[in-house]
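Values in this text are rule-based calculations from the coordinates and carry no lab data. Everything numeric here is computed off the predicted structure, so don't read it as measured data. All Cβ positions, glycine included, derive from the backbone under ideal geometry; neighbour counts span all protein chains shown.
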Amino acid sequence: MNLEIIGISVLWIFLFGYIMIASIDFGAGFFNAYSTLRGKQQILTKIIHRYLSPVWEVTNVFLVFFFVGIVGFFPKTAYFYGTTLLVPVSIAVILLAIRGAYYAFTTYGGLKHKRYVYLYGLTGLFIPASLSIVLTISEGGFVTMEESGPVLHYWTLFTSPLTWSIVLLSITAVLYISAVFLTWYSHKAKDSSATNLMRTYALVWAMPAILTATGIIVELRSHNPQHYERIMDLWWLFSLSSLLFIGTVYLIWKRKNYGIAFGLLTGQFILAFFAYGISHYPYLLYPFLSIYDSFTSVSMAVALIIAFIAGLGLLIPSLYLLLHLFLFNKDYVEGKRKDYA
Amino acid sequence: MGNEEAVFFSRVLTELTLSFHIIYATIGVGIPLMIMIAQWIGIKKKDDHYILLARRWARGYVITVAVGVVTGTAIGLQLSLLWPNFMELAGNIIALPLFMETFAFFFEAIFLGIYLYTWDRFENQKKHLLLLVPVALGSAFSAVFISIVNAFMNAPQGFDIADGQLININPLLAMFNPAMPTKVTHVLATAYMTCAFVLASIGAYRLLKGSNHMYHKKALFLTMKLGFLFSITTALLGDFSGKYLAEYQPEKLAAAEWHFETEEGAPLILYGVLKDGEVKYAIKIPYALSILAHISPYTEVTGLDQFPKDEIPPLYIHYLFDIMVTIGMLLIFLALLYCVGIWLKWRFVLSKWFNWLIVLGGPLSIIAIETGWWLTEVGRQPWILRGFMKTAEAATTSDHVDTMLLLFSGLYLVLGIGSIVVLSRMFHKNTVEQELADQGLEKAGDSL
């Protein structure tokens, strides 16, 4: 294994971490808004807040980690993606900022109004949509090299079916991941009405999630045949992922082992996400940028990897403590502890 | 949009984001230490006032952290979005501290969540206090690592350029550059100093607005003592910064001091205005610039005459320097007067007008932080990476920077107003007196 592969794997793992926990967060906000709209907020709001409050800040860090890391390991991405992504990423940042700040304002600052609930819920759908554009662009065909540098063609981008398929996938996946997790969490909290509601949402969003994911593979066939070929070579990973999907849906349907169901879902997404990543290899931005021609110097790569390992040594015990005190603490999950400052 | 416009709007947007972020970032770095000290004193003295002080500060702190986190994410991404050429170069050489900053911040974020939600979980309060240590360390190290990146922009090293290619990259040498020691310590000390004066300002304001509670008096005395300690430290470090500049960035020092001609025994120019290239109404302190730059009053200080015209920073940074230093000195004096006054029981330090001066200290220290950053950033111009890359060469070629500037201005307005409204409502609704009564907190001393 070479340094380039180690670098991109580290980043891909963190991006996966971000996708999972941010999906839970984004989806929770949407379900909360939706149930408020339907007049059922008493069922979900407490559960969702109990989960989100101690961990929301951590979510953001996964994203920061990814984009700082990618500039470190692959400095050329700063030039290519930095120049082309000004608009979509700025919009995502603004939405993230409003979402993050108003979460704190309402949760800790007692700012209470339904419009913040709706604002929060909607940003949860727009952020994944705008961030997913980056993946679309990476497939190539939307950026050309001009004299001044790389230029993104918005018209081509927004009229491409691939763009909208990926946007749809990002939204359905967010809702599905979140619903399965919150079913499990509500069940742990011994809140049967919330469990039932979230279980219904999980089942509702299961099919759209798997359909949009399949749709993208079909879209790629015409958009980037080379990538499509590589995906087909990895058919067994995607099939395995589909099996895990069936397992999750079955367990949720049968109302048993919600924890295992969420475990299977995590497995499903790990397999699909890494299979996608491997099939994307070696390109970071097709066809301009590969992990080899954009890689940093060996001395920097080694320094970053050492820092990464040392950092993990600090983080893993801390994350364990966080989960131990809140996610896996019976009293806290059941809402019996009120220890907020 | 022409490239010149893209450069201009990129500069304005970066300046706006940094100016807004630095307020929340400074509070984010300094407050955890203040909370720690208050909680520690509370536990030691068995005084519930200090415990409540820590608790209320922590509650307000979360709001500022939230804004700091999201604006920090914004500036983190804007570096690549607005300065792609610079980040490509910087990514190759100075990525290590940027990367470590995310770890430090990660560490802080995790423990802040834990600290906030475990206030009454432990029998032994010291265990809870222990959870704050990683928060304070994480936030301090975030500041250290980011300041290292900024120091690198001022004094780049740890690489060579041959035929337009970067070679011999040494990430550690790049981190431990000559600007690093003074930059890092100055940033940390001023963060603690600012937080102390901001908290003191709040305490003094409560005392002025009718509450005569011992709680506020204790808060005020504690924060003024800390303010004195850190402002003295800051002044000392400021002196070291001058010596660093004289050695490694003489053009920045010369521009900030309006030192036009290289000479021995150079005087220090304070205040004044520049009219048609002449300094008017200034106070000249003989030999002081030589002392600031090289300790001895007779040494030579390099003037602006030694540099090509297009490599000299804008001369208005002198005003920024004046504002920063004046505020610093005033605050040292104010804090000293207050602490000595309390000790010797001078009546006037408890008077209304003196309290108003302390109230003013909070906003003033924030202004000093802002002018300090403008001074160092504008003082590095025309370079983004001194000696290697000019700001104009670093900016994006994208056409939409002006629209993004509008969008982000709107965002900061919303966040600024939102955080002020939320913070003031939070503490108005739940007064100290009420909270002490609600929680039955009675173990408290009657003296400072």
Practice task
Tell me which residues come under 5 Å, amide H to amide H, from residue A:284 once H is placed; ignore anything under 5 positions away on its chain.
Solution key: A:289, A:290, A:291
Fill in the blank from the handout: With the charge dipole of the protein assembly as shown built from beta-carbon charges (+1 for Lys and Arg, -1 for Asp and Glu) about the Cα centre, the Cα from A:144, A:215, B:87 projecting farthest to the positive end belongs to A:215
Practice task
In debye, nearest 20, what is the charge dipole magnitude of the stretch B:127-226 about its Cα centre with +1 on Lys and Arg Cβ and -1 on Asp and Glu Cβ, if you could check?
Solution key: 960
Exercise for the section: Calculate one ³J(HN,Hα) per residue across the stretch A:107-118 by plugging θ = phi - 60° into the Karplus curve 6.51 cos²θ - 1.76 cosθ + 1.60, and present them in order as whole Hz with x for glycine and proline. Expected result: 6, 9, x, x, 7, 10, 7, 4, 5, 5, 4, 5
Problem - Residues whose placed amide H lies under 5 Å from that of residue B:384, excluding near-sequence neighbours - result: B:389, B:390, B:391
Exercise for the section: Return an integer: the convex hull volume of the alpha-carbon atoms of the stretch B:128-213, in Å³ per residue. Expected result: 121
Practice task
Take the Cα atoms of the stretch A:1-100, build their convex hull, and give its volume per residue in Å³.
Solution key: 108
Handout entry: Mean Cβ count within 10 Å, highest first, over the residues of peptides B:55-65, A:43-53
Key = B:55-65, A:43-53
Problem - residue B:420-residue A:49 FRET efficiency (beta carbon distance; Förster radius 25 Å; 0.05 resolution) - result: 0.55
Completion exercise
Computed ³J(HN,Hα) along the stretch A:85-98: with the Karplus parameters 6.51/-1.76/1.60, θ = phi - 60°, integer Hz and x for glycine or proline, the list is 9, 3, 6, x, 6, 4, 5, 4, 5, 5, 5, 4, 5, 4
Problem - the stretch A:51-92 versus the stretch B:37-80: alpha-carbon centroid distance in Å - result: 25
Fill in the blank from the handout: Quick note on B:118, B:403, ordering by fewest other C-beta atoms within 10 Å, gives B:403, B:118
Exercise for the section: Sort the following peptides by mean Cβ neighbour count (other Cβ atoms within 10 Å, averaged over residues), highest first: B:181-194, A:213-226. Expected result: B:181-194, A:213-226
Problem - Computed FRET value (nearest 0.05) for residue B:121 with residue B:343, which takes r as the C-beta separation and R₀ as 45 Å - result: 0.70
Completion exercise
Projected onto the charge dipole of the stretch A:275-341 (unit charges on the beta-carbon of Lys, Arg, Asp and Glu, signs +1, +1, -1, -1), the Cα from A:315, A:328, A:283 with the largest positive-side position is that of A:328
Handout entry: Gaussian network model of chain B, Cα within-10 Å springs - most flexible of B:80, B:351, B:19
Key = B:351
Problem - Directionally averaged projected area (convex hull, Cα atoms, the protein assembly as shown), nm² - result: 35.1
Handout entry: Separation of alpha-carbon centers, the stretch A:235-283 and the stretch B:93-134, rounded to whole Å
Key = 33
Fill in the blank from the handout: Rounded to 0.05, the calculated FRET efficiency for the beta carbons of residue A:1 and residue B:283 at R₀ = 51 Å is 0.20
Handout entry: Point-to-point label distance, residue A:250-residue A:115, nm (Cα→Cβ direction, 7 Å offset)
Key = 5.0
Handout entry: Charge dipole magnitude, Cβ of K and R +1, D and E -1 - the stretch B:314-388, Cα centre, debye nearest 20
Key = 280
Handout entry: Within the stretch B:315-448: Cβ-based charge dipole about Cα centre, in debye rounded to nearest 20 (Lys, Arg +1; Asp, Glu -1)
Key = 400
Practice task
With 29 Å as the limit, write out which pairs from B:127/B:443; B:225/B:252; A:338/B:429 have Cα-Cα distances beyond it, or answer none.
Solution key: B:225/B:252
Problem - Net charge over other residues, Cβ less than 15 angstrom from the Cβ of residue A:291 (K, R count +1; D, E count -1) - result: 0
Practice task
Name the most mobile residue of B:433, B:251, B:278, meaning the one with the largest mean-square fluctuation, in a Gaussian network model of chain B with Cα contacts below 10 Å.
Solution key: B:278
Exercise for the section: Shielding by partners for B:125-134, please: the mean number of other protein chain Cβ atoms within 10 Å of each residue's Cβ. Expected result: 1
Practice task
Compute the projected area of the convex hull of the Cα atoms of chain A, averaged over all viewing directions, and report it in nm² to one decimal place.
Solution key: 17.9
Exercise for the section: Only residues of the stretch B:176-202 count here: report those whose backbone N is under 19 Å from the spot 7 Å along Cα→Cβ of residue B:239, or say none. Expected result: B:181-190, B:193
Fill in the blank from the handout: Sequence order, the stretch B:276-288: Karplus ³J(HN,Hα) from phi using 6.51 cos²θ - 1.76 cosθ + 1.60, θ = phi - 60°, Hz rounded, Gly and Pro as x, gives 6, x, 10, 8, 10, 6, 8, 9, 9, 9, x, 6, 5
Practice task
Could you point to the residue in B:202, B:213, B:181 farthest towards the positive end of the stretch B:161-316's charge dipole, with +1 and -1 charges on the Cβ of Lys/Arg and Asp/Glu respectively?
Solution key: B:213
